[in-house]
Amino acid sequence: MASSALRAPLSLRVLTKGFIIFWLILAAFPFIWTLWGSFKVELDFFSIADWTNALTGANTERTHGSPFTGAGYEGAWVQEEFWRSVINTFIVCFFVVCTSLTIGTLGGYALSRSGYRYTFWLLITALIFRAMPPITLVSGYLLPFFEWNVWGILPTTIIVLVAINQPFTLWMLHSFFQNIPKELDESAKVDGCTQFQAFRLVIVPVMWPGVITTGLFSFLLAYNDFAVTSMLLSESNRTMVPEIAAFLGTTQTEGNVMFAVAAVVSATAPLFVLVMFFQRQIVSGLTAGAVKG
Amino acid sequence: MAEIQLRNISKRWGNFVGVDSFDLTIADEEFLVLLGPSGCGKTTTMRMIAGLEDPTEGEIIVGGTVVNNLEPKDRDVAMVFQSYGLYPNMNVYENIRFPLKVRKVDPATHDEKVMKAAAMVELEPFLHRKPAELSGGQRQRVALARAIVRQPQVFLMDEPLSNLDAKLRVSTRAQIKNLSHELKVTTVYVTHDQIEAMTLADRVVVMNHGVVQQLGTPTEIYDRPANTFVASFIGNPAMNLVEGDLKGGTFTAPHTTIHGLDAPDGPVTLGFRAEDATVVAEGGQITAPIYTLELLGEATMVSLKIGGALVSAKADKSFRAEIDDTVSIEVPADHCHLFDTKTGARIGD
């Protein structure tokens, strides 16, 4: 039982709880609104006459005989073949994550264990590249990519995304590695490991939460990227985000905007699952106290 | 089982000298302690033997082979770290087994060896725990077991007891001494604690600022310190040091006159140990008011202030006096050590 000294007055407790609930609703509102609206027709969700139509679905009921319809999803997934973008996104994400984690863990480890002073300047340089808006780099890439005939394909985009992402993974993993005491490498080396064995058998298992967290962040970067993917991918190779933008751009036919709304929901849902699934690793990776021997 | 030779070893980082031309032969099965304050180069010396640090100059020879260019893993040494260096993702059993596994020792023998090592440090009940679930003392014993499991040529121990509480330190110290006796392995042990050095060592190397101050058995170092640094570092309390003048065999300093010393005239520093002096009512060689009185249980420590120096003497445990009472300390001349005031080096024997 909490002692009375530690208990806040009732009014304050009501106020704080009330604020948290208010904040939760406020933060979640766009997602809930989009999810709800994705099962309506355009006339309801974007109703000019009466915004409550988006809630009640009056026009949806008139057209489809029920206040909810899967027409948006059907249009996006079947008619517009949104699943191609899903596959493209996962190809891009998979290779971006694998490449940046490989380079990031090796590089971050090397930088954290190096005694040279230039490592600091390397990291600062990486930070500067990270600070640049990605779009400024794209303008430089575009012409050579056209000339070499590598524009529009997935590998090019993957390489560019890795390049943009690498400074961040390097920084993040570098700081994780610095939290791992040097004695761990050293005792592994004295126990009979080569430098690489020490890394693989001792350091990486301890680092796992950090690797997962960093991997998740670079996954999200690739998944959510718009600037690079929209500029560098041809129509048939589009990932989800530029595809959604393309849906939004086609307002000629009534209902196409709803494809975009349905696609947004389809693109967001996996992220929830992903974060839920890895939440334990992410939390321990972000707090990073778990490595103390 | 191996002899270790350090030939003129130096370690420098830019202008900073970590270890300066260190020459030492550590005999087979010897327990050698490197003792000194922090930053004196003792850990660097050990890390150079382990191969974790490259010497700037000099040769390291283990068991007859020059090991300068060998990886730590090929030097056949085992090391116990101050912060244990246990693998947090493995349980105790796997931690102890790790050296056998990476060195590709016949897997059929692993279990027997691990169990034997665990038994030597009484870890059997904890084999399935992770390091995070162990106390400090237990972790240190895991580190010890991991070091002894594959019977290396050399043990290196880097302040293994400094993270333990006082009581555990005494029992683990005894355990280490017993282990090294039983296993008969050459051991190099780094510490800043002079009591550990005295109790464990066959020979002690006292270091300061990267330079060896004295090499000798604990008795030699305690009874015949080579200079004022060793004198003031070894012993609890440290040796009393009084600066003064020697003329015709008589040492004089404020409140102090000691006859019968055999050394050339000039400024000297006189040293004596608190337990060699006796407190008398009057007629001693040092007479001054009491600065402080400390009850130790088995004795009473009386301190007097002489010039800038504080001088202590051990009195009987029933001795009582007030601060500022004048007492006298009797110091037998044959228990006095003389040092050159300028260089700090010992004069005569």
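A short reminder: the numbers here are calculations on the coordinates, not readings from a lab. Just so it is clear, the structure is predicted and the values come from calculations on it, not from any experiment. Using ideal geometry, Cβ is built from the backbone for each residue, glycine included, and neighbour counts are taken over all protein chains shown.
If you check A:Pro270 against the conditions, is it assigned to a helix (DSSP H, G or I), within 14 Å of chain B (Cβ to nearest Cβ) and surrounded by fewer than 20 Cβ atoms within 10 Å (Cβ to Cβ)?
no
Out of the residues in the stretch A:138-154 that are in a helix (DSSP H, G or I) and in contact (Cβ under 8 Å) with a residue 60 or more places away in the chain, state the one that is nearest to A:Tyr223 (Cα to Cα).
A:Leu154
Within the stretch B:156-166, is there a residue that is touching a helix residue (DSSP H, G or I) at 6+ places or on another chain (Cβ under 6 Å), in a strand (DSSP E or B), buried (at least 21 other Cβ atoms within 10 Å of the Cβ) and not acidic (Asp, Glu)?
yes
Condition first: farther than 20 Å from A:Thr268 by Cα and assigned to a loop (DSSP other than H, G, I, E, B). Now tell me which residues in the stretch A:196-238 satisfy that.
The answer is A:Ser234, and nothing else.
Before we move on, is B:Val185 in contact with a strand residue (DSSP E or B) (Cβ under 9 Å, 6 or more places away or on another chain) and either among the hydroxyl-bearing types (Ser, Thr, Tyr) or buried (at least 19 other Cβ atoms within 10 Å of the Cβ) (or both)?
yes
Assuming B:Ala145 fulfils every condition listed in (1) buried (at least 23 other Cβ atoms within 10 Å of the Cβ); (2) facing chain A (nearest Cβ under 9 Å) apart from one, which condition is it?
(2)
Just name the residue that is surrounded by the most Cβ atoms within 10 Å (Cβ to Cβ) out of those in the stretch B:121-135 that are of a type outside the set (D, E, K, R) and within 11 Å of chain A (Cβ to nearest Cβ).
B:Pro131
Counting only residues that are hydroxyl-bearing (Ser, Thr, Tyr) and not in a helix (DSSP H, G or I), which one in the stretch A:90-116 is nearest to A:Thr268 (Cα to Cα)?
A:Ser114
Please work out which one of (1) away from chain A (no Cβ under 14 Å); (2) more than 30 Å from B:His128 (Cβ to Cβ) is the condition B:Glu112 fails and give its number.
With (1) away from chain A (no Cβ under 14 Å); (2) more than 30 Å from B:His128 (Cβ to Cβ) applied to B:Glu112, the lone miss is (2).
Let me spell it out: the conditions are (1) under 19 Å from B:Thr250 (Cα atoms); (2) not in a loop (DSSP other than H, G, I, E, B), and B:Ser312 meets all of them except one. Which number is the exception?
Going through the list (1) under 19 Å from B:Thr250 (Cα atoms); (2) not in a loop (DSSP other than H, G, I, E, B), B:Ser312 breaks only (1).
Given the conditions (1) β-branched (Val, Ile, Thr); (2) part of a helix (DSSP H, G or I); (3) surrounded by 11 or more Cβ atoms within 10 Å (Cβ to Cβ), and given that A:Thr69 satisfies all but one, which numbered condition is not satisfied?
For A:Thr69, the exception is condition (2).
Which fully enclosed strands (runs of 3 or more DSSP E) of the stretch B:1-79 have 1 or more residues being of a type in the set (Phe, Trp, Tyr) and within 14 Å of chain A (Cβ to nearest Cβ)?
B:4-13, B:16-26
For the stretch A:174-225, give me each residue that is more than 14 Å from chain B (Cβ to nearest Cβ) and over 30 Å from A:Ile135 (Cβ atoms).
Residues satisfying the conditions are A:Phe177, A:Gln178.
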